[in-house]
């Protein structure tokens, strides 16, 4: 049976997506750890089917200022990924590299934004590589488009795609634990919203031998 909308996904499909998220998060943590020269651990990601209003609330409400990174997917899997970085995540990364975090996104200069772009490349590449290694599918990704705005405004960008796939989107809640001695580690979040074409999800599950 073909997928008609995201609501058709069952518990087995969500387990598969959770495992892909776990592998992708692990890949991202390893790459970031090498880049930042600091220990980074992870906890098991949470994967949910949420409607747009629920997604905004998970991101701290419509007026919460966040950094969004939009990445297009092409090839055997088509669609988009939208990464949401909270201030704490960005600040921890900048602290590790430049020795100074941020209190507000308005403090980001050209050098810091260039660094954030590279983080976007690492995060998106980690998840795409996880899917490709599990399935053998060929996936190309675009250069991340980055913007700082209210969460409600950031989520309006892929709104047309939301409408095409139904009332729900795939929301992955990642937790990265930036290293240090016991008691000094900091736990920060990044969220990924996956908006694949439904035919691409069918291709993914079929390749993994999961019944649609």
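The values are calculated or read from the model by the stated rules, or taken from the named source; none is laboratory data. Please read these numbers as outputs of a predicted model, since none were measured by experiment. Ideal geometry is used to build each Cβ from the backbone, glycine not excepted, and the neighbour counts take in all protein chains shown.
Okay, here's what the table says:
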{"read-out": "Boolean, residue 141 is under 19 Å from residue 55 (Cβ atoms) and modelled with pLDDT of 90 or more", "value": "no"}
{"read-out": "Subset of region 1-23 that is closer than 12 Å to residue 174 by Cα and in contact with a strand residue (DSSP E or B) (Cβ under 8 Å, 6 or more places away or on another chain) - its residue that is surrounded by the fewest Cβ atoms within 10 Å (Cβ to Cβ)", "value": "18"}
{"read-out": "Output for region 142-155, where each listed residue is outside any loop (DSSP other than H, G, I, E, B) and crowded, with 20+ Cβ neighbours inside 10 Å", "value": "151, 154"}
{"read-out": "Among (1) under 16 Å from the mean Cα position of the chain (by Cα); (2) at pLDDT 80 or above; (3) surrounded by 15 or more Cβ atoms within 10 Å (Cβ to Cβ), the one test that residue 158 misses", "value": "(2)"}
{"read-out": "Hey, residue 125 touching a strand residue (DSSP E or B) at 6+ places or on another chain (Cβ under 9 Å) and surrounded by fewer than 16 Cβ atoms within 10 Å (Cβ to Cβ) or not", "value": "no"}
{"read-out": "Residue 204 vs. criteria modelled with pLDDT of 75 or more, outside any strand (DSSP E or B) and buried (at least 19 other Cβ atoms within 10 Å of the Cβ)", "value": "yes"}
